[in-house]
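Structure record follows, encoded as structure tokens.
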Amino acid sequence: MDETIETDEDVTFEDLGVSPEIVERLKQDGIEHPTKVQEETIKPVFEGEDVLAESETGSGKTLCFALPIIQNVTNNDETQALVLAPTRELAKQNAKEFKKFALDHVDVLTIYGGVSYKPQIEGAKTANVVVGTPGRVLDLLNQGKLDVSNIDYFVLDEADRMLDMGFRDELEGIMDYCPPQRQDLWFSATIPRKLRDMVDKYQLDPIVKKIKRTKHTRNLEEKYVDVKPNRKLSMLYTLLKDRDRDLSLVFCRTKNTTRFVAKVLRDNGIDAQELNGDMSQHQREQMVEKFKNKNVQVIVATDVAARGLHIDDITHVFNYDVPDTVDTYTHRIGRSGRQGAEGEAITLLEKDQHHLFRKITRVRRDIEKMDPDSMDLLDVKIPQ
Ligand code: ADP
Ligand code: MG
């Protein structure tokens, strides 16, 4: 369990309707009391309500849908729950959580692209819970290899990210295969306009739960620093050298930039590797594993590749490129300062990006300006 995740000691999972058997499994994992979002949503989910919940990353959203589903699915060969997540990594994490607490009869299948169809098609014949990414799920539905026509639960996890990633058509395609009397459980870190539009389009009338951020559980300082033209690499290098850090994430806009920045850092003695969509599924997983095990200190990633990384000891996030939207900013920096650890999120800001960044500072008011003169920029060797 997450050591410092905030739970309500006055409430138990039994109070929310979770069965003794599952409560026992939770206990074995050190989970005794629900988090806020769990407290607010588990009961309505058990009561059959559609739920739309907004709650920050790391607040325990998975169990909100996983526990009622685990408890209620029966051991026939039908698919009773479909859970969609934006990335393979997240789909796998969700599936892992399902399996961890599932009663032995529950058959959980994970479906995502980039790997062979065969085991997924075979598994789909008997799976009770299908956890997957939209592309491959729709693909199997179109091929007639997956049947969701009788599901009881339709879960969208990280709904905002899925829409950001352009999955709307796939989601709607998938929903066309689902029965209208299903229960919709939509979870998201934010509820943007386009998500509300979808709720309206499908004439859902969910119970909406908005959980406030628990600021004091995180210990994250947000800063930005002005960078002179052509000094970005040397600023990043100096910051990395300067900080007392554990794992660090550097965000760049493009795959090419991740490759270049990681290489420059390596050439200057910093243990950095890129993580981007050009890498195979296997390579990406290996890299994430290395990072988790601290065999790589710095990951230089695109937003898409880093989505859903749940790694606890990230102390620093550097925005090498300014994020496009407030949402992206919030997701990026949500990776550090978790578990109550100290964290620092620093955005490198070139003059022509001030207007972009202003959109963000207007909403995120705690971002402080760093004094660039407080640092002596180190020279950085740039390979030719
Ligand atoms: P989210 O989906 O909101 O980002 P997760 O569901 O991935 O959050 O949960 C984040 C972490 O918190 C996981 O490691 C999970 O095991 C842990 N966790 C979830 N609920 C509880 C709880 N009630 N008590 C303690 N730890 C919890
Ligand atoms: Mg989640």
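The values are calculated or read from the model by the stated rules, or taken from the named source; none is laboratory data. In this text the structure is predicted, and so the values were computed from the model without any measurement. Virtual Cβ from ideal backbone geometry, glycine too; neighbours counted across all protein chains shown. We work out accessible area using only protein heavy atoms, side chains counted, and drop any ligands, DNA or RNA first. Shrake-Rupley method; radii C 1.70, N 1.55, O 1.52, S 1.80 Å.
Couple of notes before you dig in:
- Helix-only CD estimate at 222 nm, as mean residue ellipticity for the chain, using -39500 (n - 2.57) per DSSP H run (n ≥ 4): -11000 deg cm²/dmol
- Under conditions of 20 °C and 1.002 mPa s, the chain yields 98 µm² s⁻¹ as its translational diffusion coefficient, taking Rh as the Kirkwood radius over Cα pairs in the Stokes-Einstein equation.
- Centroid-to-centroid separation of segment 297-334 and segment 47-118 [C-alpha atoms, Å]: 25
- Per-pair calculated FRET efficiency, R0 = 22 Å: SER149 and LYS43 via Cβ, rounded to 0.05: 0.20
- Within a Gaussian network of the chain (alpha carbon springs, distance under 10 Å), most fluctuating of ASP50, ASP352, ASP366: ASP352
- The mean accessible area for residues of segment 191-279, using a 1.4 Å probe and ignoring ligands and nucleic acids, is 53 Å² per residue.
- Prolate/oblate/rounded call for segment 84-196, Cα gyration tensor, a/c under 1.5 rounded: rounded
- Estimated at 0.36 nm per residue, the fully extended path between ASN142 and LYS369 surpasses their Cα-Cα distance by 76.6 nm.
- ³J(HN,Hα) computed for each position of segment 141-150 - Karplus, 6.51 cos²θ - 1.76 cosθ + 1.60, integer Hz, glycine/proline x: 5, 5, 7, x, 9, 9, 10, 10, 5, 10
- Legend: residue pairs LYS96/LYS118; LYS96/LYS223; LYS92/LYS210; LYS27/LYS241; LYS294/LYS381; LYS194/LYS255, Cα-Cα distance threshold 31 Å; pairs beyond threshold, LYS96/LYS223; LYS27/LYS241.
- The string of couplings for segment 361-366 from the Karplus curve (6.51, -1.76, 1.60, θ = phi - 60°) is 5, 5, 9, 9, 7, 8 Hz, one whole number per residue in order, with x for Gly and Pro.
- Between VAL208 and GLU21, the simple label model (points 7 Å from Cα in the Cβ direction) yields a spacing of 3.8 nm.
- Shape of segment 220-376, Cα gyration tensor, a/c cut at 1.5: rounded
- Built amide H within the under 5 Å cut-off of GLN183, gap 5+: TYR153, PHE154
- Were the residues from GLN28 through LYS96 laid out at 0.36 nm apart, the gain over their Cα-Cα distance would be 22.9 nm.
- Global geometry of segment 209-294, whether rounded, prolate or oblate, following the gyration tensor of its Cα atoms and the 1.5 cut on a/c: oblate
- Distance-filtered residues of segment 296-313 - backbone nitrogen under 11 Å, label point 7 angstrom along GLN281 Cα→Cβ: none
- Built amide H within the under 5 Å cut-off of GLU350, gap 5+: VAL227
- Remark: spin-label model distance LYS125-ASP197 equals 4.2 nm, labels positioned 7 Å along the Cα→Cβ axis.
- Packing order of peptides 143-155, 30-42, highest average first: 30-42, 143-155 (average count of other Cβ atoms within 10 Å over each peptide's residues).
- Histogrammed with a bin width of 5 Å, the alpha carbon distances of segment 26-141 distribute as 2, 11, 21, 23, 21, 13, 7, 2, 0 percent, first bin at zero.
- Length, then width, then depth: along the principal axes, the Cα atoms of segment 2-211 run 48, 39, 30 Å.
- Extended-chain gain in nm, criterion 0.36 nm per residue less alpha-carbon gap, LYS241 and LYS351: 37.2 nm
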